Every structure is written in C-alpha cells, then in structure tokens.
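What follows is a short report on a single structure.
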Amino acid sequence: MGAKPKLYLEMSGTASQQSNGTARAQRATLSATAPPPRESTPAPCSSQLERAIELAALIESSNDAVMGVTPEGLIECWNMGAEELFGYTREEAVGQHVLMLSPADRVDEFQEMLGSVLGGDRIDFETERIAKDGRHLSVRVTAAPLWDTDGAPAGAAAVIRDLSEQRKLEEALRASEQLYRPVVEALSEGVVMQDRDGRVIAFNKSAERLLGLRADQIAGSSSQQPPVELIHEDGSPYLSHEHPTMVCLRTGEPQTAQVAGFVYPDGSIRWMSGNAAPLYRPGESEPYAVLCAFADITSHRLTLEELHAARLEDLKRLALVAEYRDDDTNRHTERVARTAALLAAELGLDGELIETIRRASPLHDLGKIGIPDRILLKPGKLTREEFEAMQAHTRIGGRILGESDFPILRMATEIALTHHERWDGTGYPTGLRGEEIPITGRIVAVADAFDAMTHVRPYKGALPIDRAVAEIRRCSGTQFDPRVVDAFMNLAHCQLVERR
C-alpha cells in the first residue's frame, strides 16, 4: 500500500521446475507497479504465462544485449544480443558473476550500480565493458530492479547498447577536425559555418579579421540577425531569405561569387565576395549546415570604380565632341539628364536608380560621333537612305559603350540603344513595343524629344514651350509611354528650357 512504483518480477518457477518450452528468460513478468504485499502470493495464470512468453520473445529479438542478474551479481538471463556483443554463449555466461564483464578498475562502479538498482533506482549511464576476446567496449547501460512476488529484491535487468562504432565515428570526426582545422585557420579567406537555422556555429580567425568583428559578435549571430547591416551591390538591404547561405540551405544548391556589403556603424562599407556550399550527413537529403568562404574585395571594387569613373569621364568628353557638332551651346546632354531625373522621380523610382539615370543619360547620343556632317547637319528633310544612316547612331553608341559591369555604363548602353524605340513598336533600331522598351529608354525618349523641340539646332528653329508640350501629349500611346507622358505633364516645363 502506497509503495514506490517499481518493476515487478513475478517468479513462476525455477529452470528445473519448468519444461524446456519455458526457458528461464520466459519466467519473468515485468510491470511498472508496486511490489505486491508479502502476504499475497497469487498463483500463475494463463494470461501471466502468455505475458512472460511475449516478454521472452521481445528480449530474444532485441539487437541490444539484455541480461538478468541476481542480487549476488550472478548472470541468470542472457539473450542473443548479449552473445553477439560479448562473445559468450548463453551456457558460458549464465551462472557466472557479472564482474567478468567489468574492467578491473570499474569493480567499484559495478557494486555501486547494483546497490542502487536493488534499492529501487533505475539507472542509465555510459561505461566500459570487456568482451570474451579481451576487447574493451564502450557501452550504454540501462538497468532497473526486479522484485519477487513477496516484494523482495530479486535482482536487476539490464539493457546494454554497444557504443563502440559511435565512438569510432566520433574519434574519426575529431581526428578529421584536428587535421583540417589548422588548414582552415591558415586560410586568408574567412570561413563561417551556419546551422539549419542560419546561426553561426563555427568560424576561423580570418573571418574575424576580414569582418572587423570580435569573436563574440560573430558567434551566435545569424542571417536573420547579422552583426552588421548587409546590402546588395545596388545599395538595397539584404533580406534574410536572400542571404546566399540561406538560399543554399533552402535549395541545397551551392552559391558562388555572391557579393555583399557590410555596413558598419561609422558608415564605412566592406565588400565581400563569397561562396556557400551545403553540408549533408550520410543518408540525408537536406543539408544540416552550410559552409561559407569569403574574401574582402573592397580595394578591388574601389579600383574598379576609379577605372569606371575615369572611363565615364572619357566617354562624356567624347559625347561632348559629338554634341558640339549640332548644339553649339553644349547643354543638350545636361538638360536631358536633368529632365530624365525629374521624370524618374515623378514616376516614383528609387533614389539610386534616379541618380544612375541622371549620370547615364548624357551619353544617349554618343553614337552621333559616327554620323557624317552632311547627314547630321543637313537642313531640311532627310532622304530614306540618309535617315537609315542617321538611325545607326543608336547602334554605334551601344558599340562604343559596350558591355560593362559598371551600373552607369550598363544603363548608358541600354539608353543609347532604346531611346528611339516607340511605344507602338514602329521605332528603331529593333522595333521594341510597349514595356519591352526599358523604362530608362522610355524616360529619355520624352526628355530628349522635348529638349530637341524647344532648342535651336543648325538645321531647325525652336518651338514654343506650349506647342512642344502639346506635341508630347499628342504622341502619348504612339511614340511615348502614356505613363511617362503623364509624369511629364506634372513638371514645370518652363524650367526645363534655356533661352539665350
């Protein structure tokens, strides 16, 4: 009554009292109940016997070693798992003292363990045992008490799991780590490992040096909560799901040559280029972590930006040479740039894009340097052949500007090639229609046309502002993007025109 619940062993006879059909392993019925009062000695029934047989079947089918031990420490139950683990047959083990499995320096451990179990405790611990051939085995032991029908300690039941392979794998992992850690630490590149949730779990010294952060600032940070703000090359912030390591974890695909800017509290930016690769455990289809290696490319980017800036200045001067031929004021490109930037702002484009348009649009007519004076400066209407030659200035400009990874020059090429395309698809050089035309080309088309109409050229006079505005409105939906025209109508047109 009120006794502490324990495993209860109901004895149903000794080995000599039973037939061969009910072995010693079939004599125990285990239940998580308190031991019965000593005066109660229920007779075995068929259901209890069936339960004992089921228990014996479970013991024999277990891959782990299962043994039963008397209060004196003698082995009285020994399954096939125990035979395979320790190398002793049932006949060799049953009746022997369990200390034959313990190293000499662990005898006291066994005595303490058996005393705890016989006192009613369930124990679970890792230790070492010895096989028949002398091998030392790393094992996990789970042991619980057994009680007889009178409530007296009848021994202990133990399940022993072999940890030797696990220990070998752990040791191999440690050896691998010891082998590769010096290599990783010697790398000039930063190396960071992040777990499935994007949390940093390991990094090398170079990561601290390149990022300019302390170890405690990096450790535990994550793609969701980076130690500093991350930005794209265009200046927009990196969202957590866009981070290359998170993309790698989500898709399982390596991410290469990914560039990110690390923005520090003082406003400085360090640019990093990195590669991210997923890590898989054997037999698993989803990565458990990602490894990212990165290098500082800040100085490289600054050098490139200086080179791009120098090239941009050279191209602007070349554009001025072309402009001087048909605009002796040398102001057309500047006015088009200003109007294009105002249109971009009216359309709600972001500040970075507006500034790029302002800097790229002055190069829109660079290709005119390749048009002969007799065509470029001809007063009056051009012949069909002359107009076709004039149209070539878009392609010439595109070829001069070429392909570039510098955003301003890349946009300048786009504008040079598309600012004479028409909304209805009848423009040149490729006949793009509607939104097939880049927004930059659609914006500069309006800015260029208005400036050309309202300023004097060697081959034509200037239109009044109101007539030029009316012409822009009339061509909405045919020559020009209606949305850009609507934005143009909101501008202060008089401020877009210079009068001598």
- What are the residues in the stretch 472-494 that are without any contact (Cβ under 8 Å) to a residue 60 or more places away in the chain and under 18 Å from His332 (Cβ atoms), if any? Ile472, His493, Cys494
- Just one of (1) touching a strand residue (DSSP E or B) at 6+ places or on another chain (Cβ under 8 Å); (2) surrounded by fewer than 20 Cβ atoms within 10 Å (Cβ to Cβ) trips up Glu403, so point out which. (1)
- Result of the Cβ filter at 7 Å on the stretch 269-290, keeping first residues that are without any contact (Cβ under 8 Å) to a residue 12 or more places away in the chain and partners that are of a type in the set (Phe, Trp, Tyr) and part of a strand (DSSP E or B), at least 6 apart or interchain, is none
- Item | Lone unmet requirement of (1) farther than 30 Å from Phe262 by Cβ; (2) modelled with pLDDT of 85 or more; (3) of a type in the set (Asp, Glu); (4) buried (at least 17 other Cβ atoms within 10 Å of the Cβ) for Asp326 | (2)
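Looking only at residues in the stretch 117-136 that are touching a helix residue (DSSP H, G or I) at 6+ places or on another chain (Cβ under 7 Å) and farther than 21 Å from Asp148 by Cβ, which one is surrounded by the most Cβ atoms within 10 Å (Cβ to Cβ)? Before the answer, list the steps.
First, the residues of the stretch 117-136 that are touching a helix residue (DSSP H, G or I) at 6+ places or on another chain (Cβ under 7 Å): 123, 127-132.
So of that shortlist, the ones also farther than 21 Å from Asp148 by Cβ come out as 127-132.
Values: Thr127: 17, Glu128: 16, Arg129: 22, Ile130: 17, Ala131: 15, Lys132: 15.
Only one residue fits best here, namely Arg129.
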- Query: If you check Met390, Met411, which single one turns out to be of a type outside the set (Ser, Thr, Tyr) and under 19 Å from Arg335 (Cα atoms)?
  - Reply: Met411
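Could you look through the stretch 453-496, keep only residues that are β-branched (Val, Ile, Thr) and surrounded by 18 or more Cβ atoms within 10 Å (Cβ to Cβ), and pick out the one that is farthest from the chain's Cα centre (by Cα)?
Checking each candidate, the answer is Thr454.
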- Within the stretch 207-230, is there a residue that is surrounded by fewer than 16 Cβ atoms within 10 Å (Cβ to Cβ), within 25 Å of Phe406 (Cα to Cα) and modelled with pLDDT of 90 or more? yes
- Task: Determine which single condition Trp423 fails, assuming it passes every other condition in (1) farther than 23 Å from Pro482 by Cβ; (2) in contact (Cβ under 8 Å) with a residue 24 or more places away in the chain.
- Result: (1)
- Task: Could you list all residues from the stretch 349-363 that are surrounded by 21 or more Cβ atoms within 10 Å (Cβ to Cβ) and over 35 Å from the mean Cα position of the chain (by Cα)?
- Result: Ser361, Pro362, Leu363
- How many of the residues in the stretch 201-250 are farther than 16 Å from Val191 by Cα, among the hydroxyl-bearing types (Ser, Thr, Tyr) and within 16 Å of the chain's Cα centre (by Cα)? 2
- Query: Of all residues in the stretch 82-116, which are without any contact (Cβ under 8 Å) to a residue 40 or more places away in the chain, part of a helix (DSSP H, G or I), surrounded by 15 or more Cβ atoms within 10 Å (Cβ to Cβ) and among the small types (Gly, Ala, Ser)?
  - Reply: Ala93, Ser116
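The values are calculated or read from the model by the stated rules, or taken from the named source; none is laboratory data. Since the structure is predicted, the reported quantities are computational estimates derived from the model, not experimental observations. Cβ sites come from the backbone with ideal geometry, for glycine too, and all protein chains shown count toward neighbours.
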